[in-house]
Structure formats: C-alpha cells, structure tokens
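Below is one structure, written out as structure tokens; the observations come after it.
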C-alpha cells in the first residue's frame, strides 16, 4: 500500500528521491575524496621522511640532541625482522652542520643513511633527478637537495666541506663529493638536508655503531598500532638499560594528524548543514503529502484504521522514498567516485599548493565501506527523523474534521 | 496588484511557506556564515604572511630572489631612499633589513635560522615583532650585541634571557663570520615555525658582522591597504633601474598564500552551488505542489480569459516572495552570527599543530566580504527563479476544461 501511495504522485516522489540521492551522492564522493587525500598526505610524509614507526632514545624527537643515540641498533633489527607486520626498516643518524661549497656556506642537516635499506623505506631513491643514488660501498659521497644545490652553487662531482660537532664534542670535518641531486617538491626537504652513507657518517662524527633513529615501514597503515605495541613489548623484554621509545607517525608528525582531524570536523559541519537544508526540502514534501490526504486519512480512520497503523503507513512511505533515494545516491556516487579513483582528478592550478604538502598533482578518491556508509547513514537518520513529524501529526487527526477538509 | 495577490497566495498555506522559507533561510545563512569563516581563515593567512616580514611590497637586489645570499645585497641604500621619498604615498611605512641565513648555536645546540638585521624603531611598526616581545625588550637602534629570539627557539636551545647565542654566517669576503650575542628579548608569534626561524639583531650589528658596510638585503613596506600594492609596485618598477632592483608585491612574494586564496574562492562558489541544488529540489517541489493544489483555480482564471503568461508571472511572483524573504532573513542571521563570533573569534589552539600544518593561525575571526554576500544572494535568487519556471509553465499549460475537471 505504501508503495502504491508513493507513485500516486510520481513527480513529487521523484523530486524528493532526487534530493536525497543528490545529498548521498555528494557525501559518498566527498568522504571518499577526504579519505583519499588523507591517505595521500600520510603516505607522502611517511614515505619521504618519517616512516610509520621510529625507535629513538627518549627525548630525541623534541630536543634533537646529537648525544641521544640508540647505541645498539642491531638488537632492534632482529626484533623488527621477527615482527611479521614490518615490511622494511632502516636506520639513520642526523647532525646539524655547516656545509660549504667554494662560494657558499649554509647550515644544514646531515643525515647518514644506509643506501640499501633506505631505498626500501623511503622514496629517496626515486627522487634522484641528477646523478645517481648512493651504492652500498660508497664512502665520501653525498646526495644533495635540489634547492640546496642551487643555493650552494654546486653540481654533480663538486666538493662540499662539512663542518660539525662529533658525538664526543670534538670537531667533525670532512670533504664529500656530490653524487646525486634529489628533488621531492617539498621545499623544506629539498633545501635543508644532505645525505651521506651511514657508515661514513658514523666514522666522521665518532658515532661508533650508534644511530639516532631506527625507522620501520609497516605492510599497511592499519597495522601501525599493532607493530608499535609489539616492538614496545619486545624492547621491554630484551633491552632494559637503554631508554628507548617507539613513536608512530602521528607522534612523529603531530601536525598531520591534527590537520586531518580538523579537516574531518569541518567537513562534517558542512555535511550536516547540507543535510539540514535537504531535510527541510524533504519535510515539506512529506508534510504536504499528509495535508493533501487529510480526507483520505479521515476515511481510513472512520473505517477503523488505528492512528498507530496510519502513522506506520506514513513512516513506511517516507522510509521507502528515503531508502530509494539513498540507494540511488550510493550507486551513482560509487560509480562517479570509482571513475575518479581509476582516473584520478587533476587539480589544475593548484600544483604548487599540492607540492607544498607533498601531494601528487593527481588525487585519487578512495571508495571504502566507511565512506559509503557514513554519509548515507546520516542522511537516513535525519530524513527519517524529519518524516516522524508529519506522521505524528497524522495521529492527531479526528475522522470527522478530517473528512470535512477539502 | 500582481504582487499583492502573490503575497496573499503564499500565506494561504502558512505552514508550507514557513517550511520552505526555513530551507531557504538555512541555505542562505550557511552560505554567508561558511564563506565568512573561510574568508576569516584566508584573511588571517594574508595578514600573518604580510606581518611575518613580507610587507605589502618588497624591494631586493635583482638576483636575491633566486639566490638569497650576501652577494645579492643592495649596496647603496641612499639611492633607494631618494626614490622612496619622491614616489611613495606620504603615509607609507618602510624599513631596511639585512636578511641572511645563519647558524645559531650555544654550548648544547645548533640550528639553522634566518638572521634579520633590523632598524628597531621602523621594524616595530611594520612587522609582527612590534607587539610580539613578551619577555625582556626589543632591540635598541644600535644594540651591538643584543639579540631577540622566539620562544620556541629558546625552548629548543634550553636557554633563557641574558644567555649567550653565537651566530655564524658568510660575510661579503666569503669567510665565515661569527659573533656572540646576548638574548635581550623573547618574542611569540602566531606560528611556531616563525619563532624557530627568525632571530633579530640591530641593523648596524648585522652589517658590521657581515662586513656589509651600508648594504642591506631588502626593503619592506606597508601601505594603507592590501589593494594598493600593485599600484605602488608599478611606480617603483618605473623609478628604480630594472637591472639592479626587483620589486615584488605580497602576492608575488607569497605564491602559496595566493594559491590558497584562489582555491578558497573556487571552494566558496562550489559550496554556494551545492547548497543551492539541495535547496532547489525543495523549492521546485513546494512550488509544484502549490500549483497542483490550485489546478482548479488556474483553470478558472484561464477560463475567465487570463493569458498563460500572466499565470507564469503569478507563480513566479510567489517564488519571488519566498526567495526574497528567505534571503533577507538568511542574510540577516548570517550577519548576526558572524558579528557574534567576530568579537571573540574561533579558537583553534587545541589543534594548534594541525592549524599550523595547514598554514592557519590559532584564532580565526570570520570576515564578511560583500562580494560573497552578493554572490550568495544572486545565486539563490537567479537559480531560484529559474527552477520555479518549471512549475510556473506547468501551471500555465493546464487547459481550462482539464483543470476544472480536476477535483
């Protein structure tokens, strides 16, 4: 009966369904877009520098004090290798130093990397634009960021003088040759770091076999917390004297997760407002449907239909409309999103902006059960709530008055 | 008369009118409020950018932008001063700076910073630093060894007021110049990155340390309004020899901010459009129902000789009232809610790191731009009338007989 009632006025029902479908379509697309961009943002930051998980000495993250080293990284490697969720790992050492070319001097972060293992954890190897990546046996060679190379006026094969402070406070000085120039697009990254082989770093800065960060990449982002707890437990069991902490990407880049939260919250405010606007449009339809049929309801009541059944019938009608709308919206939304998920969306004119946040120029929305269901769920709840009002209204009708109405 | 009938017609069914009116009101309100909110974000971004040592217009040595080294300094500030005095609008503020990258270090830490040699009296009026020193004092005009640093840097270096800080940088002779300073003031800024990046010393101290003589790296100026920048930049470009100097407006000096401004513009318009579509369905449906309910009435009118065009006009007049009423109330509410928030602002400090990551400041003050109010209302009005055309034409098409037969 509800189904037939809906199609008594097809035009109205279709318009209402369209409104609901439009809202759910938009929500499916926008949520998928948001989730997709978060993934891209996280991946960009994680892959360029921090990794998913880092093991450091307590306070190193904040103070960046050269002396806060991880003394025995070998023990951690075996721990990481025995954790099945870890895809790859590497270690790094950092020292802030003066780097001079023939003409120029800049203060930069010198990072010691293990060429082979680094390539599995970060995208550095793929970012080399000139020259080549470090090979395992390299000694006094360096990779330089493109902007830094430009500022220092150096090219491939040129010499750089590094002047810094060793672990024991002594002067660490050496000369390296530029082997490769990398460019990530993120200015800060390209302007302020050079990379040298870890073994060489340890030699120059008197580090022995110590490092500053042990960096790990999980098989997927979802497993990060699992890895974190496993490694924390493992460190407790095996390594008691060193004061190590395990940090996940959210702690390594606190700004990123907060930016994501902020974006989510502001997104939700937008969506709620949008849905409220839609709800008011729909409320009118439902309300009208009831007013128009006052007489009909009067008859129904007079022949013995209980008000409760009448209300049920109305709720049934409006739920059917809502669900139809949502189903159409989800199907269309998924199709649209899926199309863009495959082809990507080119954000023209904003490439500089995207680069700043380390994002690719082409963005891919991510369709997921979550992005499909959240939006549709909110639309469902709000429209059903909206539909309740006219239904209750109908309960209060009295047969005699109702039949008199036009 | 047309208008009078229209007005009466919409109040024949007040409940329906009120519901659709609410939809229009909420739609318009959300357009105005959210655009004000987004403008607030960008406005703050622009202000921050300009006050964080950019200024409205900058003058550099020709090669400085590509290669901000000490070689690309302007060695004859006297020439600039003459040009400025002759060409700039009288109430323009300007200041000269030495600006080079340097390494700051103390016994425990070292880090890369931007060394700013500033003219204290002028600088205080032009950039954020004027009101930002929260501990100690700002520089004196020829402070030989005083330095003002940011709170975040102080924490990172585990130091405090009165302690020593050594700066190293390259001087004009390509040698490493170093000089010890004493922290005389600590400043706070909107962004933690600013606090970590900039250290201020007096202009003569910087010039002496870097063997610059009278040379400076940049001139930054503040005009009466953001909009004057292009005009003034054009005047300066004409007046200064193009081979030696480069003039930049804030839009050119901060391409990121300009890009974000553009993106938000697009976003605001998109939002208007989306809200309108959501609202549009309601408008069409309501008008359509109002029309169907009155089929008999329209039939009668037609039978009495009313032209179809008049009926269209009648229906449109009714939508017109709905839209205009909704727009007025929605705009009013939008203005009120912005007014209520513009005093206190919206505090984002609980997610300060996130805000900073996104380049936003900790406090957001919504800003109503007349451009947005006009666009929002125009979008609602024009599209609203267009979508009402469908039911209006529908109403005009009923033939009298068919319509009067309708129950």
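Each value in this text was obtained by applying a stated rule to the coordinates, not by laboratory testing. Since the model is a prediction, treat every value here as computed from it, not as a measurement. All Cβ positions, glycine included, derive from the backbone under ideal geometry; neighbour counts span all protein chains shown.
So the values come out like this:
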| item | result |
| --- | --- |
| FRET efficiency, 1/(1 + (r/R0)^6) with R0 35 Å, evaluated for residue B:363 and residue B:269 via beta carbons | 0.85 |
| Estimated inter-spin distance, residue B:47 and residue A:3, nm [label 7 Å along Cα→Cβ] | 6.1 nm |
| Distance between the stretch B:141-187 and the stretch B:245-306 - C-alpha centres, whole angstrom | 55 Å |
| For the stretch A:59-242, projected area of the alpha-carbon convex hull averaged over all directions, nm² | 10.6 nm² |
| Residue order, fewest to most surrounding Cβ atoms within 10 angstrom, among A:257, A:374, B:386 | B:386, A:374, A:257 |
| Residues residue A:381 and residue A:72, FRET efficiency given R0 of 45 Å [Cβ-Cβ distance, rounded to 0.05] | 0.25 |
| Residue order, fewest to most surrounding Cβ atoms within 10 angstrom, among A:88, A:170, B:22 | A:170, A:88, B:22 |
| Label-reachable residues, the stretch B:37-53, where backbone N falls under 20 Å from a point 7 Å from residue B:371's Cα toward its Cβ | B:37-51 |
| Alpha carbon convex hull of the protein assembly as shown, volume per residue in cubic angstrom | 200 Å³ |
| Zone residues, the stretch A:127-163, relative to residue B:66, backbone N less than 13 Å from point 7 Å out along Cα-to-Cβ | A:150-151, A:153 |
| For the stretch B:314-368: rounded, prolate or oblate by the Cα gyration tensor [a/c cutoff 1.5] | prolate |
| Rg/Rh ratio calculated on Cα atoms of chain B (Kirkwood radius) | 1.22 |
| Structure-based [θ]222 nm, chain B - -39500 (n - 2.57) summed over DSSP H runs of at least 4, per residue, nearest 500 | -18000 deg cm²/dmol |
| Two-site label geometry, residue B:382 and residue B:18: point separation in nm, points 7 Å out along Cα→Cβ | 3.4 nm |
| Where Rh is the Kirkwood radius over Cα pairs, Rg/Rh for the stretch B:21-132 | 1.17 |
| The stretch A:59-242 - share of DSSP beta bridges that are antiparallel (%, nearest 5) | 75 percent |
| Mean ellipticity per residue at 222 nm, deg cm²/dmol - from DSSP H runs of n ≥ 4 across chain A, formula -39500 (n - 2.57) | -18000 deg cm²/dmol |
| Calculated Rg and Dmax of the stretch B:57-222 using C-alpha coordinates, Å | 15.4, 50 |
| Extension gain from residue B:401 to residue B:8, taking 0.36 nm per residue of separation minus the Cα-Cα distance | 138.9 nm |
| Radius of gyration, Dmax [the stretch B:35-97; alpha carbons; angstrom] | 15.5, 46 |
| Cα→Cβ-extended label distance, 7 Å offset, between residue B:228 and residue A:338, nm | 5.9 nm |
| Dimensions in Å of chain A - Rg and Dmax from alpha carbons | 31.1, 101 |
| Computed lengthening from residue A:225 to residue A:250, 0.36 nm per intervening residue step minus Cα-Cα distance | 8.0 nm |
| Rounded Å value of the spacing that divides the Cα centres of the stretch A:1-50 and the stretch A:294-341 | 19 Å |
| Computed FRET value (nearest 0.05) for residue B:180 with residue A:370, which takes r as the C-beta separation and R₀ as 60 Å | 0.60 |
| Antiparallel DSSP beta bridges within the protein assembly as shown, as percent of all bridges there, nearest 5 | 80 percent |
| Within the stretch A:115-191, percent of DSSP bridges classed antiparallel, to nearest 5 | 65 percent |
| Rg over Rh [alpha-carbon atoms, Kirkwood Rh] for the stretch A:223-346 | 1.30 |
| For B:143, A:203, B:244, order by how many other beta-carbon atoms lie within 10 Å, fewest first | B:244, A:203, B:143 |
